[in-house]
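Contents: one structure, followed by commentary.
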Amino acid sequence: MSREAVVKIEGSSLRVGQVVAVAAAKDAAGVAVELDEEARPRVKASSEWVLNCIAHDGDIYGVTTGFGGTSHRRTKDGPALQVELLRHLNADIFGNGSDGQTLPTEVSRAAMLVRINTLLQGYSRIRFEILEVITKLINTGVSPCLPLRGTITASGDLVPLSYISGLITGRSNAQTVTVDGKEGDIHEIRGIS
């Protein structure tokens with residue numbers, strides 16, 4: 001296990017020991033996560049590409065088009081499409097967290113860290129500010145409740161990641177677990193974003 005007090009990530013050098021250390025830590029008092037500022041320009045360039053493409057009526061799979069068999073369908077309201085995608089994927093039902101229907105907080109923390117690291121590579125078109133919010137969740141010891149079952153897709157991560165997104169965007173069904181094991185909802189952690 002890593003003994004680092006700070007795990008600085010930039011998209012390519014995250015090690016298994018660092019993931020384990022961050023997952024096991026309760027918050028930044030255990031191990032803090034820091035984003036490497038050198039990743040900001042590539043993430044920003046990628047995000048700006050999407051905005052430019054939308055401004056020029058370009059087609060972007062899943063942003064201005066449907067998904068899978070509906071990818072031939074187009075929309076001018078990409079934000080509404082994203083809201084509906086989250087609503088659709090957040091349809092899983094799980095219990096109160098103590099009944100074995102949610103993933104352990106260590107898994108949620110590891111998932112957030114690994115996803116941030118991947119997104120820092122600059123290929124996803126995400127805004128850097130969103131990565132900062134996810135980092136803040138990790139560092140303050142707030143973990144989204146992720147369903148143990150219910151994912152779709154070949155990679156198996158679409159539904160769990162949608163619950164992280166749901167927490168960030170303030171979906172009413174977003175549930176959290178804090179560093180002290182207290183379960184709550186998004187309204188109890190509004191100071192995060």
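The values are calculated or read from the model by the stated rules, or taken from the named source; none is laboratory data. Since this is a predicted model, take the numbers as computed values, not measurements. Cβ: placed from backbone, ideal geometry, glycine included. Neighbour counts: every protein chain shown. These accessible areas exclude ligands, DNA and RNA; they are computed on the full protein's heavy atoms, side chains included. Shrake-Rupley method; radii C 1.70, N 1.55, O 1.52, S 1.80 Å.
Conditions (1) among the hydroxyl-bearing types (Ser, Thr, Tyr); (2) touching a residue at least 40 places away in the same chain (Cβ under 8 Å); (3) buried (at least 16 other Cβ atoms within 10 Å of the Cβ), marked per residue:
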site	(1), (2), (3)
36	no, yes, no
49	no, yes, no
82	no, no, no
103	no, yes, yes
115	no, yes, yes
119	no, yes, yes
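Residue 116 meets all of the listed conditions (1) in contact with a strand residue (DSSP E or B) (Cβ under 8 Å, 6 or more places away or on another chain); (2) part of a loop (DSSP other than H, G, I, E, B) but one, namely (2). Only one entry in 98, 124 is of a type in the set (Ser, Thr, Tyr) and either over 21 Å from residue 177 (Cβ atoms) or at pLDDT 90 or above (or both), namely 124. Residues that are among the hydroxyl-bearing types (Ser, Thr, Tyr) and out of contact with any Asp or Glu (no Cβ under 8 Å at 6 or more places or on another chain) were ranked within region 65-79; the one that is most open to solvent (accessible area, probe 1.4 Å) is 70. Taking region 51-64 as the range and being open to solvent by 30 Å² or more (accessible area, probe 1.4 Å) and touching a strand residue (DSSP E or B) at 6+ places or on another chain (Cβ under 7 Å) as the test, only 59 passes.
The requirement of being open to solvent by 60 Å² or more (accessible area, probe 1.4 Å) and part of a helix (DSSP H, G or I) is fulfilled nowhere in region 3-13; no residue meets it. Within region 174-185, residues that are free of Cβ contacts under 8 Å to residues at least 12 places away in the same chain and under 18 Å from residue 101 (Cβ atoms) sit with their Cβ atoms under 9 Å from residues that are open to solvent by 50 Å² or more (accessible area, probe 1.4 Å) and of a type outside the set (D, E, K, R), at 6+ positions apart or across chains, in these pairs: 184/175.
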